[in-house]
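J.: The structure that follows is given in the form of C-alpha cells.
No value in this document is a laboratory result; all are computed from the given coordinates. Please read these numbers as outputs of a predicted model, since none were measured by experiment. Here the Cβ positions follow ideal geometry from the backbone for every residue, glycine too, while neighbour counts run over all protein chains shown.
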Amino acid sequence: MRDFYEEVLREALRTGLVRTDMRVLVACGGGTDIAVLRECGFTDVTISNVGTPPSAATLGGYAFAAQDVERLSFADESFDLCLVHSGLHHCHSPQRALLEMYRVARHAVLLFEPYDNLLTRLGVRWRFGQEYEHASVYCNHSHHGGVGNTEVPNFVYRFTEREIVKTIHCFAPYAKHEIRFFHRMRIPWAQLRRRRNRAFYYAVRAARPALRLVEAVAPRQGNNFAALVRKPRLPEELHPWLRHDGAAVQLDENWVRREYGR
C-alpha cells in the first residue's frame, strides 16, 4: 500500500518528527521501501532483510545488510530512524522485532502493520481475510514469504495501539513516549484475485462503497495502521522519580522520600 506509506512519511517530515538527512534502517525491506524512501528524499538508507538482496540497480545507491529483525547485529542507537512496512507480522515474535528496532534507533521507530479490530476479526471469520498468510507464500512460488521468510505460512499478527504503547513503555520505562497512529483500509486484492472461489473477490468489489464509508466515518475500523514512536530525549524528559548521574538512569531517592517517607 505505497500511497499510505508515502502519506505517513511525508506527514512525519512535515511535522519535523523525521528528516530526510537521517540515517535510516529498513527492516524486512524491499523494492517498495526503496521506491518510497527515494521519492521522499531520504539519502542515507540501509535496506535489511533475511532474503535475497535487491540488485544494485534496484538499491540505487542505498546499502544492504543481511539482518534478522528479531536479532539485529547493530549496536544500540546505530540509526536515527528504523522502519518496517508489513514485516513484523512475518516474525516468530513481532514484539521482539519491534523492540530490536527500538534498540537500534536513536530518534524514532515507524511501523506499518495489520490492525486488530472488530471488522478485521469478522473478515477473518468470514474468510475474506487470512488467519495464516498462505497467499504470500503462494505468490512467492511457495518458496518464501511466510514466517521468518520461509515457506511456512505465518500467523497474521494484528496489532492494536495499546499493544504498541505497553510494549514500548515496558521496555523503556524511563519517560513517556510520543506515539502517533494513522489508520487506513487496505483491501487484499492480490490474495482475493488468486482464490479459486471468486465469490470473495466479487463480494468485496461490491462492498467497496460501504468500506470507503466505514473508513471515512470510523477510520479505526480500517484493517491497516501505522505507528510512529518518538524516543524521549534523555535526561531532559525523564520521569520525575528518575535522575541521570552522567552514566546511567537511577532512582531519585529524594523524590521517593518526598512521596513515601514518614
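J.: Principal axes first, then extents: for the Cα atoms of the range 131-262, list largest minus smallest coordinate on each axis, whole Å, largest first.
T.: 71, 39, 25
J.: How big is the Kirkwood radius of the chain, worked out from every pair of different alpha carbons and given in Å to one decimal? The partial results should precede the final answer.
T.: Values: mean 1/r = 0.0501 Å⁻¹.
About 20.0 Å, per the Kirkwood formula over Cα pairs.
J.: Which trypsin sites (Lys or Arg not before Pro) in the range 70-140 sit in a loop by DSSP (not H, G, I, E or B) and have at most 16 other Cβ atoms within 10 Å of their own Cβ? Walk me through the intermediate numbers first.
T.: On the way: sites: Arg71, Arg96, Arg103, Arg106, Arg121, Arg125, Arg127; in loops: Arg127.
Counting only loop positions with at most 16 other Cβ atoms within 10 Å, the trypsin sites (Lys or Arg not before Pro) in the range 70-140 are Arg127.
J.: Taking the Cα atoms only, what angle lies between the long axis of helix 31-40 and the longest principal axis of the chain, rounded to 10 degrees?
T.: 60 degrees
J.: Taking only the alpha carbons of the range 91-158, what extent do you get along each of the three principal axes, in Å, biggest first?
T.: Principal axes ranked by extent give 41, 32, 16 Å for the Cα atoms.
J.: If you don't mind, another one. So how much slack lies between Tyr132 and Arg243, counting 0.36 nm per residue of separation and subtracting their Cα-Cα distance, in nm? Don't jump to the answer; show the numbers that get you there.
T.: Details: separation 111, 0.36 × 111 = 39.96 nm, distance 4.57 nm.
Contour length minus Cα-Cα distance gives 35.4 nm.
J.: How high is the relative contact order of the chain, in percent, with contacts defined as C-alpha pairs under 8 Å that are six or more residues apart? Provide the component values of the computation, followed by the final result.
T.: Values: 429 pairs, mean separation 42.8, N = 262.
Here the relative contact order equals 16 percent.
J.: At R0 = 51 Å, how high is the FRET efficiency between Arg2 and Glu253 if r is their beta carbon distance? Nearest 0.05 is fine.
T.: Numbers: r = 52 Å, r/R0 = 1.02.
Once rounded, the FRET efficiency stands at 0.45.
J.: Select from the range 110-178 those chymotrypsin sites (Phe, Trp or Tyr not before Pro) which occupy a DSSP coil region and have at most 15 other Cβ atoms within 10 Å, ordered by residue number.
T.: Values: sites: Phe112, Tyr115, Trp126, Phe128, Tyr132, Tyr138, Phe155, Tyr157, Phe159, Phe171, Tyr174; in loops: Trp126, Phe128, Tyr157, Tyr174.
The qualifying sites are Trp126.
J.: Do any GluC sites (Glu not before Pro) in the range 27-84 lie in a loop, going by DSSP, with at most 16 other beta-carbon atoms within 10 Å of their beta carbon, and if so which?
T.: On the way: sites: Glu39, Glu70, Glu77; in loops: Glu77.
Filter output for the range 27-84: Glu77.
J.: Does anyone have the angle between helix 161-171 and the longest principal axis of the chain? Alpha-carbon axes, 0 to 90°, nearest 10?
T.: Around 40 degrees separate the two axes.
J.: What full-extension length gain, to one decimal in nm, is calculated for Arg96 and Ala75 as 0.36 nm per residue of separation minus the Cα-Cα distance? Don't skip to the answer; put the middle values down first.
T.: Details: separation 21, 0.36 × 21 = 7.56 nm, distance 1.59 nm.
Taking Arg96 through Ala75 to full extension adds about 6.0 nm, to one decimal.
J.: Could you compute the FRET efficiency for Thr160 and Ala57, with r as their C-beta to C-beta distance and R0 at 51 Å, rounded to 0.05? Don't jump to the answer; show the numbers that get you there.
T.: Working: r = 39 Å, r/R0 = 0.77.
Step by step, r from the Cβ atoms, then E = 0.85.
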